[in-house]
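Where a number appears in this text, it was derived from the coordinates with a stated rule and is not lab data. The shown structure was predicted, so the numbers you read here are calculated from the model rather than taken from an experiment. Note: ideal-geometry Cβ built from the backbone for every residue, glycine included; neighbour counts use all protein chains shown.
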Amino acid sequence: MHDLVAHFRAPKGSLTTRSLPADARTACACCGLAGATLAVSDTPLCLVCTPAYAADEAQIDRHAALIWLPQLDQGSLSRLLRAAWTALLVCNPGQPERERALAILDDLSGRRETAAEKIGTYHPARLRRAVATLAPHHMLKRQGAASGLRILPVAAWREQNSEALSALLTNRSRTP
Ligand SMILES: [Zn+2]
């Protein structure tokens, strides 16, 4: 399972994205679905999962928020997001599927507050800075302890990548 606290202790500057050679069949290491077009630390990722890994990107706090969602791991959250974002792309306003997708996104967005209550922030960059100061014995103590912290890519991320995302979400042949 993707543990944000452990992942965010990677060497400073290493959590940035690079583009992968175009091959839409490359599977995402997080959600397992096809369509990985980016990599963070050589891990192939799709556009939905990338913000959960790319903590050193300059715009990360604008593109993603920490949420508290112990019920789902990061990959399952991404699959849920893919379904909701696809509904927004293909359903017209007023269609029940679209309304349900919006309700799901609202609910997820509201979970930022729980993250802020638990750790004092919902900004990924702040968590990235904070965990770098954890002593090794703190990490040992939390070994095996699951965290409910997940990363939610937000509307600004969707807008910035709208073209690539609609290609990913609507090209069904890409899904294994
Ligand atoms: Zn993915």
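Things to note:
- A simple spin-label model places the labels of K12 and E159 3.2 nm from each other, with each point 7 Å out along Cα-to-Cβ.
- Where labels lie 7 Å past Cα in the beta-carbon direction, separation of T170 and C91 in nm: 1.7
- Note on A130 and R62: the extension gain reaches 22.6 nm, defined as 0.36 nm multiplied by sequence separation minus the Cα-Cα distance.
- Placed amide H near T26: partners under 5 Å, 5+ positions off or other chain: G35, A36
- With each label modelled as a point 7 angstrom along the Cα→C-beta vector, the A22-Q71 pair spans 3.9 nm.
- On the principal axes of its alpha-carbon atoms, the chain has extents of 51, 36, 28 Å, going from largest to smallest.
- Here's the picture: charge each Lys and Arg Cβ at +1 and each Asp and Glu Cβ at -1 in the chain, and of G110, L89, H137 the one pushed furthest to the positive end of that dipole is H137.
- Mean separation of Cα contacts under 8 Å (6+ apart) over length of the chain, as relative contact order %: 28
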